[in-house]
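Derivation of every value follows stated rules applied to the coordinates shown; laboratory data play no part. As the structure is a computational prediction, the values presented were derived from the model and not from experiment. Quick reminder, even Gly has a Cβ in these numbers, built from the backbone with ideal geometry, and neighbours come from all protein chains shown.
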Amino acid sequence: MTQGRSETVSAEDIRTFERDGIVCLRNVLTSEEVDHLRMAVEKQMNQLGKSATGYDFEALARQVWDRSEPVETGAANRFDMQAMKDLVRGDAAARPLMEEDEANSQGLFFYDVAAWKWDSGVRKVAFDSALPGIAAELLGANYLNFWEDTTFVKAPHTRQKTAFHQDLAYFQIEGDQCVIIWIPLDPVSRSNGTMQYVRGSHKRGETYAPNVFISQTPIQSSPEKRCPDIEANPDQYDIISFDVEPGDVLIHHVMTVHGAGGNRSGNWRRAVSFRYCGDEVRYFDRPGAIPQVGLSGRLMKGDRLFSEDYPIVWPKPWPGFCLSEAYGIHQAGRE
Ligand SMILES: O=C(O)CCC(=O)C(=O)O
C-alpha cells in the first residue's frame, strides 16, 4: 500500500461518505485484528465495578425509571451517576428509550473507554491496521491523530437503546475533520442493535448538545441545542442502517446524527469505536464535553493535537512501520 492511498476505500466510498456522512466498508479488518479487540473488551468487562471507567447504562436507566436506589458503580468515577439520574428525572421531555422485550431480563449496556492506553492489541488495530489510512483518505487529511477508543456492548436482551446524538460536542475539539469508526465484534443486525444514521445530517450545519445515551436529555453544561427527538418521529428522517459482520466497519462523520436500538436477540452485540482527527482539528476545552481519562493536560485552546495523548497515526514514517510497537517501547521506558 502506498501512503495516502488505501486499497480498501474507493472513489465511490469517498463520495458516499461525503454525501451521506456514513459509509459501510466490508472486510477491512482481519480476524486476528478483530480478536485483539474482543480480548480487550473481555478484559474491560471483567473489570466492571473495579475499573474507574466501565459503566452499565442499562442499570442506570432501570434506576432512573424505577426510581430505585442509588446507582452502584463500584470504582467507576468518570461520571456522577446520581447527577445523571437527577438530570434525566428533571427533564419533562425525557422518557424511557427501551425496547419491548418479552424476556424482559436484566440486560447490560456496557460502556468503557481508552483501552488503547493499556492494551497493546487495541493499539495494534488503532495504529497499524488499514483504519488510519482509510480515515485519512475519507477526511482528506494530511495527517491524523488518534483521539480515543470507546466500547459499547449490549448483552442479549438489553432493552436500552442508544439515544440519537451527534458526536462533536462530546469531544474537546474545534473543527469537524473527524471520523468515528464503529467496529462490530459480533454479527450485528436490526434485532441486536445495529447502528442507525440520519443520512446527510452532517451537512445541516447544526451542533447538538451531548446527551446521556439513555435519554435525549442534554448535558446541562453544554451551550448547544437539544438533538431533535428522532425516536419519536422516525418517519421524518432518512435513517439508514447496515447488517454487519466482524471485519466490516461503519464510518461516520463527527456531525452525523446516529443512535442504535437495544438488543432484542439472544446474541451478544459487542462493538468498539475508534475516533480519528485530521490536521485541521484544534484542541478546545468545550463546555459539556465528556471528560477524558488520563490526559497529560498539556494542550491549550487552539493547539494542534500534537501530544502523547493523541498519537499521530498517519502517515507512517515509512511503509510497514509498526507504530504500536514503538509506542509500547515508549510506555515501557516510562514505567
Ligand atoms: O454502539 C452504540 O450503541 C453507540 C455507538 C456510538 O454512538 C458511537 O460509536 O459514536
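Model label sites at Asp229 and Glu280, defined 7 Å from Cα along the beta-carbon direction, differ in position by 3.5 nm. Between the alpha-carbon centres of segment 245-306 and segment 39-70 there is a gap of 19 Å.
Only lysine pairs 8 or more places apart, or on different chains, with alpha-carbon atoms under 20 angstrom apart are counted in the chain, and they number 9. Both numbers refer to the Cα atoms of the chain; Rg and Dmax are 18.9, 57 Å. Ordered by the number of other Cβ atoms lying within 10 Å of each residue's own Cβ, fewest first, Ile230, Ile180 fall into the sequence Ile230, Ile180. For the chain, modelled as a GNM with alpha-carbon contacts under 10 angstrom, which of Pro311, Pro184, Pro319 fluctuates the most? Largest GNM mean-square fluctuation: Pro319. Relative to the dominant Cα principal axis of the chain, helix 31-46 is inclined by about 40°.
Which ordering of Leu60, Leu131 is given by a fewest-first count of other beta-carbon atoms within 10 Å?
Neighbour counts put them in this order, fewest first: Leu60, Leu131.
Note on the chain: with a GNM built from Cα contacts shorter than 10 Å, the maximum mean-square fluctuation among Gly200, Gly133, Gly175 falls on Gly175. GNM on the chain, alpha-carbon springs under 10 angstrom: the most fluctuating residue among Cys178, Cys322, Cys277 is Cys322. Within the chain, the longest run free of exposed loop sites, counting trypsin sites (Lys or Arg not before Pro) that sit outside DSSP helix and strand states (H, G, I, E, B) and have at most 13 other Cβ atoms within 10 Å, spans 68-297.
Relative contact order of the chain, taken over Cα pairs closer than 8 Å and 6 or more residues apart, is 26 percent. Ordering Asp167, Asp112 from the fewest to the most neighbouring beta carbons within 10 Å gives Asp167, Asp112.
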